[in-house]
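Trainee: Sending over a structure as structure tokens; questions will come in a sec.
The values are calculated or read from the model by the stated rules, or taken from the named source; none is laboratory data. Remember, it's a predicted structure, so these values are computed and weren't measured experimentally. Here the Cβ is made from the backbone with ideal geometry for all residues, glycine too, and neighbour counts use every protein chain on show.
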Amino acid sequence: MTARIGHIRAASAGLVLFVGSTMAFAGEADVVAAKARKSGDGWNFDVTVAHADTGWDHYANGWEVVGPDGTVYGTRELLHPHVDEQPFTRSLSGVVIPQGVTEVVIRARDSVHGYGGREFTLALPQ
């Protein structure tokens, strides 16, 4: 009987590890492509994000345009999961970037990990 209880405990621990690794599978949100174009007084960005959204509990929920000194020039909020649309592209218009800045970093975040996935360095067309 004792051996059986030990076996059940080991199986339960294995199940917890399996469930935990399944939840981590979604990982962090990655920026896989980005384009920028100057328009009027600002910039328009088209950013493609990849993330294994699982639903409202874990999804890519935003991205931002960051300058070389860490200044955030613009943020795009993503208000719902994109479970069946991966990767997906969303735009942000009117981003004001100071003259002299020649490249920016685009980074995405998700609702579980925050920022931390693959970033994309983008040279701004002159």
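Trainee: Restricting attention to segment 58-84, which residues are assigned to a loop (DSSP other than H, G, I, E, B), loosely packed, with under 12 Cβ neighbours inside 10 Å and within 14 Å of the chain's Cα centre (by Cα)?
Mentor: Leu79, His80
Condition check ((1) touching an Asp or Glu at 6+ places or on another chain (Cβ under 9 Å); (2) at pLDDT 80 or above; (3) assigned to a helix (DSSP H, G or I); (4) surrounded by fewer than 19 Cβ atoms within 10 Å (Cβ to Cβ)) across all residues:
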site: Ala13; (1), (2), (3), (4): no, no, yes, yes
site: Val16; (1), (2), (3), (4): no, no, yes, yes
site: Ser21; (1), (2), (3), (4): no, no, yes, yes
site: Gly27; (1), (2), (3), (4): yes, yes, no, yes
site: Val31; (1), (2), (3), (4): yes, yes, no, no
site: Val49; (1), (2), (3), (4): yes, yes, no, no
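Trainee: Taking the criterion of being among the charged types (D, E, K, R), touching a residue at least 60 places away in the same chain (Cβ under 8 Å) and surrounded by fewer than 16 Cβ atoms within 10 Å (Cβ to Cβ), would at least one residue in segment 102-121 satisfy it? Steps first, please.
Mentor: Of segment 102-121, the ones among the charged types (D, E, K, R) are 103, 107, 109-110, 118-119.
Okay, now just the ones that are also touching a residue at least 60 places away in the same chain (Cβ under 8 Å), so 107, 109-110, 118-119.
Restricting the remaining residues to those that are surrounded by fewer than 16 Cβ atoms within 10 Å (Cβ to Cβ) gives 118.
Yes; the residues of segment 102-121 include at least one that is among the charged types (D, E, K, R), touching a residue at least 60 places away in the same chain (Cβ under 8 Å) and surrounded by fewer than 16 Cβ atoms within 10 Å (Cβ to Cβ).
Trainee: Assess whether Thr89 counts as being surrounded by fewer than 16 Cβ atoms within 10 Å (Cβ to Cβ), in contact with a strand residue (DSSP E or B) (Cβ under 8 Å, 6 or more places away or on another chain), of a type in the set (S, T, N, Q) and farther than 17 Å from Ala33 by Cα.
Mentor: Numbers: surrounded by fewer than 16 Cβ atoms within 10 Å (Cβ to Cβ): yes; in contact with a strand residue (DSSP E or B) (Cβ under 8 Å, 6 or more places away or on another chain): yes; of a type in the set (S, T, N, Q): yes; farther than 17 Å from Ala33 by Cα: no.
Answer is no for this residue.
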